[in-house]
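Below: one structure, written as structure tokens.
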Amino acid sequence: MSTSIRRIPIFPTVVYEIDLPPEHYNKLVELCPKLDYKRTEDNSRSLCGVYKNPEFQSFFEWVNSVLKGLMNELYNDPYCDPLEVCASWVNRSEKTERTHEHVHPWSIISGIVYLTGEDGFTTFVKKNPYDSIREMPLSRLDGQPEQVPLLLGKMLLFPSTISHFVTENECDVVRYTLSFNTMPPRLNRSETVQFNN
């Protein structure tokens, strides 16, 4: 069965929207309400470390296969292995709760999977580090948001350095999202890539 991939051009980059196979989507929806969530600093609920949970393993194997298939578009570096999921967490948002604006350090490509909930957007915000010099903006696009709707059973892949947030849950249905970071598991040595031993 082929995987549906839609490329969404925003800013000077692309966000990839990918359909989850039903068997993975249904399993994740079943697992998420059973997890033990902890309150975060922004008063949302999250559970880290699900990448190491054996019940999520087949899903992450599928994600890694998608990343490998997109490697030449996502991170075409001949001196590293294909990207793989290196960390993952699940967020639980009840009515009036949201995920604050942030970026993902120590990651190249990040992902978010929409599992339950009836409304909302992942909002990406273009940040140009040069636009704040002496309070003189160089681009009218700086800080302007681009919204992608939360669609159940979809996964978004995006550069980890793009600032983003998920809007407030305005309905009574609990919103579950699964997020992850990726890195190449190994850098390959070459004449132009050197590491200290």
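The values are calculated or read from the model by the stated rules, or taken from the named source; none is laboratory data. Everything quoted here is computed from the prediction, not taken from an experiment. Cβ coordinates were reconstructed from backbone atoms using ideal geometry, including for glycine residues, and neighbour counts include every protein chain displayed.
Checking Val14 against (1) more than 16 Å from the chain's Cα centre (by Cα); (2) farther than 14 Å from Ser88 by Cα, which single condition isn't satisfied?
(1)
Can you tell me which residue among Val14, Val63 is outside any helix (DSSP H, G or I) and either farther than 14 Å from Phe180 by Cβ or modelled with pLDDT of 85 or more (or both)?
Step by step, each of Val14, Val63 is checked, and only Val14 is outside any helix (DSSP H, G or I) and either farther than 14 Å from Phe180 by Cβ or modelled with pLDDT of 85 or more (or both).
Among the numbered criteria (1) of a type outside the set (Lys, Arg); (2) surrounded by fewer than 21 Cβ atoms within 10 Å (Cβ to Cβ); (3) modelled with pLDDT of 90 or more, which one does Thr123 miss?
Status for Thr123: all satisfied but (3).
Only one of Glu23, Glu30, Glu101, Glu55 is more than 17 Å from the chain's Cα centre (by Cα) and under 26 Å from Thr167 (Cβ atoms). Can you tell me which?
Details: Glu23 fails: under 26 Å from Thr167 (Cβ atoms); Glu101 fails: more than 17 Å from the chain's Cα centre (by Cα); Glu55 fails: under 26 Å from Thr167 (Cβ atoms).
One residue alone meets the criteria, Glu30.
With the structure loaded, tell me whether Thr167 is hydroxyl-bearing (Ser, Thr, Tyr) and modelled with pLDDT under 90 or whether it fails that test.
yes
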